[in-house]
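Some notes on the structure that comes next.
The values are calculated or read from the model by the stated rules, or taken from the named source; none is laboratory data. Nothing here was measured: the structure is a model prediction, and the numbers come from that model. FYI the Cβ positions are ideal-geometry reconstructions off the backbone, even for glycines, and counts take in every protein chain you see.
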Ligand code: NAD
Ligand code: TYD
């Protein structure tokens with residue numbers, strides 16, 4: 001039986017990963033560590049309530065004592081580090097917490113794992129630390145080309161700078177101590193349980209309420225969208241079979257300009273929810289500072305080496321996502337009550 005330490009497993013991708021893994025593998029144990037910031041939500045894990053293979057621990061990945069205690073209690077085979085501050089707009093307003101959690105937290109996780117897994121001159125067999133990173137560390141593309149694993153890191157936002165720093169520490173641990181690691185760098189995810197500060201759930205939620213749909217700049221910035229379950233599958237495969245010390249880019253060649261995404265959501269909601277939802281809701285607003293123009297992943301390495309491929313085409317994934325938000329209005333109401341109101345008012349004021 002394999003034992004996983006998953007961090008950030010009450011957030012968007014982390015909770016999808018925990019649910020995916022427990023469905024896919026019968027004989028595993030997951031210890032799920034999450035600080036439960038505004039982005040973490042135990043409701044995301046409701047489906048697995050009572051499942052003895054899952055243990056939830058509320059803790060901060062920066063907390064040396066709490067994390068080393070877990071390593072003393074469990075013999076982890078894998079650490080999968082999802083925990084992070086993840087929203088670019090928030091990083092522009094308040095970069096420090098991004099350094100604390102994304103860089104400091106990662107180094108703390110690495111140190112705790114390194115201490116626990118040490119054996120003789122090296123490390124116990126079969127152990128692996130997997131850092132969940134992002135294509136945003138590569139910076140921005142022009143009209144052509146794709147991010148490869150060999151593309152130099154060139155982050156622009158405080159968020160991507162913190163993720164790139166974390167990646168560098170992960171590789172430094174590998175190169176300096178021979179510590180067993182992988183890094184995955186995925187493109188933009190979408191799907192159930194995504195917090196409505198991110199484009200897709202924010203647009204679905206606003207459109208349902210006939211509120212303005214804020215589109216930054218000219219709406220022609222391009223993101224490469226991947227259904228969250230395909231990302232979870234990639235992480236599982238890299239943990240299992242990724243070559244030590246390697247980076248794997250994850251993406252499904254699904255590049256779309258933001259305005260296309262917004263119009264697609266309007267069209268779908270008009271068809272299945274309320275036919276009076278239309279493009280008059282679109283509001284072009286002031287651009288994000290330092291807004292990266294285009295992201296696009298070349299996933300050839302993970303396809304060739306591990307046989308990964310994306311299973312959910314965008315046309316299907318976006319409908320599944322919209323249907324999930326339509327069916328989970330209470331989830332949305334709960335996460336958008338309270339602090340979200342202040343966040344939204346502040347972020348979009350004057351826009
Ligand atoms: P999210 O913001 O939805 O979730 C982050 C989770 O981490 C939350 O549950 C939060 O409570 C927890 N957390 C935050 N600070 C913590 C701390 N100090 N200690 C413990 N837990 C803490 O983020 P997400 O979109 O699920 O992203 C997960 C990971 O995937 C991040 O590392 C992110 O950089 C990466 N990633 C995200 C995307 C995307 O499109 N969302 C794409 C590629 C990579
Ligand atoms: P986001 O979901 O924040 O992800 P990321 O910045 O990590 O790519 O944003 C996706 C794209 O959508 C990005 O180009 C910014 C744009 N965007 C808007 O146009 N309006 C919005 O209200 C938000 C949140 C994002």
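Given the range 118-206, what strands (runs of 3 or more DSSP E) lie entirely inside it while holding 2 or more residues that are away from ligand 2 (no atom under 14 Å from the Cβ)?
Working: elements: 128-134, 181-186, 188-190.
Correct list: 128-134, 181-186.
Whether a residue is loosely packed, with under 15 Cβ neighbours inside 10 Å, in a loop (DSSP other than H, G, I, E, B) and within 23 Å of the chain's Cα centre (by Cα) was assessed, and residue 244 passes this test. Scanning the range 10-40 for residues that are near ligand 1 (Cβ under 7 Å from one of its atoms) and either at negative phi or surrounded by 15 or more Cβ atoms within 10 Å (Cβ to Cβ) (or both) gives 10, 11, 12, 13, 14, 33, 34, 35, 37, 39, 40.
Residues in the range 114-133 that are out of contact with any helix residue (DSSP H, G or I) (no Cβ under 7 Å at 6 or more places or on another chain) and surrounded by 22 or more Cβ atoms within 10 Å (Cβ to Cβ): 117 only.
Within the range 288-301, being within 16 Å of ligand 2 (Cβ to nearest atom) and either loosely packed, with under 12 Cβ neighbours inside 10 Å or in a loop (DSSP other than H, G, I, E, B) (or both) holds for 288, 289, 290, 291, 292, 293, 295, 296.
With the condition kept exactly as written, say whether any residue in the range 26-39 is in a loop (DSSP other than H, G, I, E, B) and within 16 Å of ligand 2 (Cβ to nearest atom). Looking for residues that are in a loop (DSSP other than H, G, I, E, B) and within 16 Å of ligand 2 (Cβ to nearest atom), one finds at least one in the range 26-39, hence yes.
The set of residues in the range 264-299 that are in contact (Cβ under 8 Å) with a residue 60 or more places away in the chain and under 30 Å from residue 247 (Cβ atoms) comprises 288, 289, 290, 291, 292, 293, 294, 295, 296, 297, 298.
Surrounded by 12 or more Cβ atoms within 10 Å (Cβ to Cβ), in contact with a helix residue (DSSP H, G or I) (Cβ under 9 Å, 6 or more places away or on another chain) and closer than 30 Å to residue 2 by Cα, is that true of residue 251? Write out each step before concluding.
On the way: surrounded by 12 or more Cβ atoms within 10 Å (Cβ to Cβ): yes; in contact with a helix residue (DSSP H, G or I) (Cβ under 9 Å, 6 or more places away or on another chain): yes; closer than 30 Å to residue 2 by Cα: yes.
For residue 251, the condition - surrounded by 12 or more Cβ atoms within 10 Å (Cβ to Cβ), in contact with a helix residue (DSSP H, G or I) (Cβ under 9 Å, 6 or more places away or on another chain) and closer than 30 Å to residue 2 by Cα - is met.
On the basis of being buried (at least 16 other Cβ atoms within 10 Å of the Cβ), modelled with pLDDT of 95 or more and closer than 17 Å to residue 301 by Cβ, does residue 213 make the cut? Break it down stepwise before answering.
Numbers: buried (at least 16 other Cβ atoms within 10 Å of the Cβ): yes; modelled with pLDDT of 95 or more: yes; closer than 17 Å to residue 301 by Cβ: no.
When the stated conditions are applied, residue 213 does not pass them.
Can you find a residue that is surrounded by 15 or more Cβ atoms within 10 Å (Cβ to Cβ), assigned to a loop (DSSP other than H, G, I, E, B) and without any contact (Cβ under 8 Å) to a residue 40 or more places away in the chain anywhere in the range 67-75? No: zero hits. Give 88, 79, 103 a once-over and let me know the one that is buried (at least 18 other Cβ atoms within 10 Å of the Cβ) and over 16 Å from residue 7 (Cα atoms). Answer to the selection: 88.
One line per residue, one yes/no per condition, for (1) assigned to a helix (DSSP H, G or I); (2) modelled with pLDDT of 95 or more:
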{"position": "303", "(1), (2)": "yes, yes"}
{"position": "309", "(1), (2)": "no, yes"}
{"position": "315", "(1), (2)": "yes, yes"}
{"position": "318", "(1), (2)": "yes, yes"}
{"position": "322", "(1), (2)": "yes, yes"}
{"position": "332", "(1), (2)": "yes, yes"}
{"position": "342", "(1), (2)": "yes, no"}
{"position": "350", "(1), (2)": "no, no"}
